[in-house]
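Scroll down for the structure; my scribbles are underneath it.
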Amino acid sequence: MERLDLVISGGEVWTPGALVLADLGIIGGKIAALGAPKTLPDAARIIDASGKVVIPGLVDTHTHHREPGFTHKEDLTTATQAAAAGGVTLSIGMPNVDPPTTTVERYRNVIELGRKKALVDFNHNPSGTVPEQIPGLAEAGCLAFKIFMVRDTGRDYPHMPGIGLHNHGELFRCFETVAKTGLPLMVHPHDQDLMDVLEQRYWQKNDRSPQAYAKAYRDFDGIIWDTAIATLMRFQKATGGKLHILHMSTPGGLEMVRRAKEEGRPVSCEVNPWALFLGSWENVQKLGPYCLGFWVPEAHVEALWNGIEDGTVDLVGTDHAPHTKEEKDIGWKDMWQSPGGEPQIQDYLRLFLTEVNRGKLSLDKVVRITSYNPARIFGVYPRKGTIQVGSDADLVIVDMKKEETISNETTLTRVGWTPYHGRKVKGVPVYTLVRGKIVYENGKVVGSPGYGECVPPLKG
Ligand SMILES: [Zn+2]
């Protein structure tokens, strides 16, 4: 064997079969060897991972990088710095930038920006709302398409015109066109006509508070989500395409996904960290606009954990969606004038590892929902999402015993705050490597902008 560039020695290494005590050898950014401890040849550098666990780098299929257009909130550098600190080695952007990525030219422009500015590997999910553009976008190398069923009322951000689609006919045309590409269609399910009626009931009572907003989204156990998901399911059945449902948070939605999977249909769904860790009524009261998103009642959160356990929920998408404090503060008075969403990407692995330490789920499950499953569903497995010879050396070394307190001060996202400020976690990434290069080491981001590569779908 050639001389190894790097050996990670003495750690417990996650593989699809089991956790094994092994040394990992890396050459040219790829995993070149996986062997019993102390059996690998010499290397230029050795990282001692004794007492730690080595897992594949996280694949976040849902990061709002905010560039171009909203770089006062975040850009491709700050977003991927936060990603590196959170163990994310592949971060896939979303189309509600300015201009929104509805065309091939705009998509290419975003990818060019990423090549100059990203620290970790990346791609971008363009909007699938312009059928004529869809084949070209697929050709240009995107991994999936995104459609919002939301058209906001009283504001045009974060769901700007051109990327929200609620008309069933138009939506169906996009389904048919995306299905032909073979790529997944990610949809934010939302029954806008129904929402128009429900939210007006709060407005008539002069209640535009974050709590009213949270309730409107959850009225009748989240009916605005479920009716939309029912439509999407029917469209999927008609077109046969891959459907990936975003923001899963209702028992009704989970039930529909469960049934579709039983029928063997290519339906998948994501859960967002905010649904599991942030959406309690207590937080809706206390954090107001800083935790919205939406309210997810306790019983619904439990249904989501069950969905993770039984495989109904495929993956975690962070929905990392930074907004400035000024933009959020408007929401205390009028949540309908304030954008939903909050920073997530730096904190979510820590939150899940803490749950592993509490016995809520296994480490293997965390790896599957944050890396292995997203890599498979988005067509980049086995280059990404696993640890095996030949895969990219995208690795996170985690210290399951290390404790930290999440804090605004250490938050790397440009807006400088996190909804998890003050939360104690146990289980922390200490190294993040992208294609064999260390980008995060013991609390410091050491990667450089421009290192990140755009990852296209693997053929075949
Ligand atoms: Zn989102």
Item to check | Cross-link pairs beyond the 25 Å C-alpha cut-off, checked among Lys117/Lys146; Lys38/Lys437; Lys328/Lys402; Lys215/Lys333; Lys261/Lys426 | outcome: Lys328/Lys402; Lys261/Lys426
Next on the checklist: Run the simple label-point estimate for Asp98 and Asp219 please: 7 Å along Cα→C-beta, distance reported in nm.
Outcome noted: 3.0 nm
Checklist entry - Quick one: Cα centre-to-centre distance for the range 260-338 and the range 37-112, in angstrom? => result 21 Å
Next on the checklist: Can you tally the net charge around Glu67? Count Lys and Arg as +1, Asp and Glu as -1, for every other residue whose Cβ sits under 13 Å from the Cβ of Glu67.
Outcome noted: +3
Checklist outcome for this item: Answer in debye to the nearest 20: the dipole magnitude of the range 57-377 about its Cα centre, from +1 Lys/Arg and -1 Asp/Glu charges placed on Cβ, is 340 debye
Item to check | Nearest-10 value in Å² for the accessible area of Lys215, using the 1.4 Å probe | outcome: 80 Å²
Checklist entry - With the other protein chains left in place, how much accessible area per residue, in square angstrom, belongs to the range 57-377 at a 1.4 angstrom probe? => result 33 Å²
Checklist entry - For Leu353, what is the net charge nearby, where nearby means another residue's Cβ is under 13 Å from its Cβ and Lys, Arg count +1, Asp, Glu -1? => result +4
Checklist entry - For labels at Ala44 and Trp203 in the simple 7 Å Cα→Cβ model, what's the distance in nm? => result 6.1 nm
Next on the checklist: If I take the Cα coordinates of the range 57-377 and project them onto the principal axes, what are the three extents in Å, biggest first?
Outcome noted: 49, 46, 45
Item to check | Charge context of Lys384, other residues only, Cβ under 9 angstrom, K/R +1, D/E -1 | outcome: -2
Item to check | Percent carbon-and-sulfur accessible area, the chain, ignoring ligands, DNA and RNA, probe 1.4 Å | outcome: 50 percent
Checklist entry - Want the number for Asn167 to His421: 0.36 nm per residue separation, take away the alpha-carbon distance, what's left? => result 87.5 nm
Item to check | Signed unit charges on C-beta, dipole axis of the chain, positive-most listed residue Ile8, Thr101, His190 | outcome: Ile8
Checklist outcome for this item: Expected unfolding gain across Lys365-Thr405 under the 0.36 nm per residue rule, minus the alpha-carbon gap, is 12.0 nm
Checklist entry - At 222 nm, what helix-only mean residue ellipticity would the chain give, in deg cm²/dmol to the nearest 500, using -39500 (n - 2.57) for each DSSP H run of four or more? => result -10000 deg cm²/dmol
Checklist entry - Expressed in nm to one decimal, what extension gain is obtained for the pair Glu441 and Glu298 from 0.36 nm per residue of sequence separation less their Cα-Cα distance? => result 47.9 nm
Checklist outcome for this item: FRET efficiency (Ala238, Lys286; Cβ distance; R0 45 Å; to 0.05) is 0.55
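The values are calculated or read from the model by the stated rules, or taken from the named source; none is laboratory data. Remember, it's a predicted structure, so these values are computed and weren't measured experimentally. Cβ atoms come from the backbone with ideal geometry, glycine included; neighbour counts cover every protein chain shown. In case anyone asks, the SASA skips ligands and DNA or RNA and just uses the protein heavy atoms, side chains included. Shrake-Rupley method; radii C 1.70, N 1.55, O 1.52, S 1.80 Å.
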